[in-house]
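Throughout, read-outs are computed from the coordinates displayed, never taken from laboratory work. The model shown is predicted, which means the values in this text are computed figures rather than measured ones. A quick note on method: Cβ atoms are made from the backbone with ideal geometry, for glycine too, and the neighbour counts reach across all protein chains shown.
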Amino acid sequence: MNIESKIKKLKRNWLRYFMFIVGFLLLVSPFALVARTGLYLMGTTNNPAWQQASTDIPDIHSTCLRMTVDWIFNGDILERVAVYPLRGMILVLLPIAFLFGPLFCGWLCPAGSFTESLSRLVPSKFKMNLSNASPTAIRYGFLAAFVTLAVGIKFSDVIKAKFSSVCCSYCNFALTNRIIEGAFLLDLRDLFFGHWTSAALITLFLWLFVFGIFMQGGRGFCNFFCPAGALQSLLHFLGSKLRFTYKIRVDQSKCNDCWHCKNSCPVWAIQSGSIKIDRHLCNMCKECIIECNHGALSFSRGP
């Protein structure tokens, strides 16, 4: 795709890229408007006892989705949210995913939008193309492993001793926060790899480069290794079976097999053959609808 074509695509998708910026402003330090507003409403911003806990520093950790997925399956979610309501964001996103699809993933997620946007700057010949592969089994397998560890950490001291930090060890949300903080020179330690753990460096390499910048769509890490995204996609798959929920719908009579929709999908949710949306992967970004010049795709209710 030449520069002119990329500019045209940017103009067509301006709202989604604008929402990427909104996602950073809402969740990522130094902005973290959701966390700052929540802490202010809770009256904790001037409370030293609260500030001693890292979870009460306004950044992406204050609204962490991975930890709440962990708590959902080990039974701690209600107790945790009662103490710290900001962590209840996942409880809002899950019903949204059931009714409208995983809109957070496709429109607001700072970690996913960061790698997707950077990947668009790299010529296709330098990127791995797995758009004909379906990572659904690996995605849900990783979710199952995450849930198993969450339950194990709850009830087994041995597992807790070995894997107590697994939730944060590979977190691309935290890495996004560190990169932005370093870019704004808020924490100079974030600019030096000597301050990083080996797990964080490995995750950075896989998330940002292998499964990000140099992978078609830039969302490989989202497709394979995000438990929060996988849980939202599972609910979207279940919700899409109902007539009153919203989903990407296909009118085969209008399709001319141009495959612009498949080539534009950053999460490989459209496979070759007759057009069919893989609900386990679709993040409701609506790139396919924008790229279709024949009106074969729509976001609406129905079977």
Per-residue Cβ neighbour rank within 10 angstrom, fewest leading, Asp157, Asp278, Asp59, Asp251: Asp157, Asp251, Asp278, Asp59
Quick one: if you stick a label point 7 Å off each Cα along the C-beta vector at Asp76 and Leu33, how many nm between them? 3.1 nm
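First measure r as the distance between the Cβ atoms of Ala133 and Lys11, then evaluate 1/(1 + (r/R0)^6) with R0 = 30 Å and state the FRET efficiency to the nearest 0.05.
Values: r = 31 Å, r/R0 = 1.02.
The value I calculate is 0.45.
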I need the calculated FRET efficiency for the pair Phe155 and Phe205, taking r as the beta carbon distance and R₀ as 30 Å, to the nearest 0.05. 0.35
Highest GNM mean-square fluctuation among Leu15, Leu103, Leu86, for the chain with Cα springs under 10 Å, belongs to Leu15
Taking Cα atoms only, helix 172-183 is inclined relative to the longest principal axis of the chain by an angle, in degrees rounded to 10, of 80 degrees
For a protection proxy built on the mean count of beta-carbon atoms within 10 angstrom, sort 239-246, 204-211 highest first, please. 204-211, 239-246
Please determine, in degrees from 0 to 90 and to the nearest 10, the orientation of helix 3-12 with respect to the longest principal axis defined by the Cα atoms of the chain, where the helix direction is its Cα long axis. 80 degrees
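Listed highest first by mean packing, meaning other Cβ atoms within 10 Å per residue, what order do 286-298, 119-131 come in? Please report the intermediate quantities before stating the final value.
Working: 286-298: 18.1, 119-131: 13.2.
For the peptides 286-298, 119-131, the packing ranking is 286-298, 119-131.
Give me the dipole magnitude in Debye, nearest 20, for region 14-301 about the Cα centre, with unit charges on the beta carbon: positive for Lys and Arg, negative for Asp and Glu. Intermediate results must be reported in sequence, preceding the final value.
Values: 25 positive and 15 negative charges, 156 e Å.
With Lys and Arg at +1 and Asp and Glu at -1, about 740 debye.
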Degrees between helix 14-27 axis and first principal axis of the chain (Cα, 0 to 90, nearest 10): 10 degrees
Of Tyr246, Val22, Ser117, whose Cα points farthest to the positive end of the dipole of the chain (charges on the beta-carbon: +1 Lys, Arg; -1 Asp, Glu; origin at the Cα centre)? Tyr246
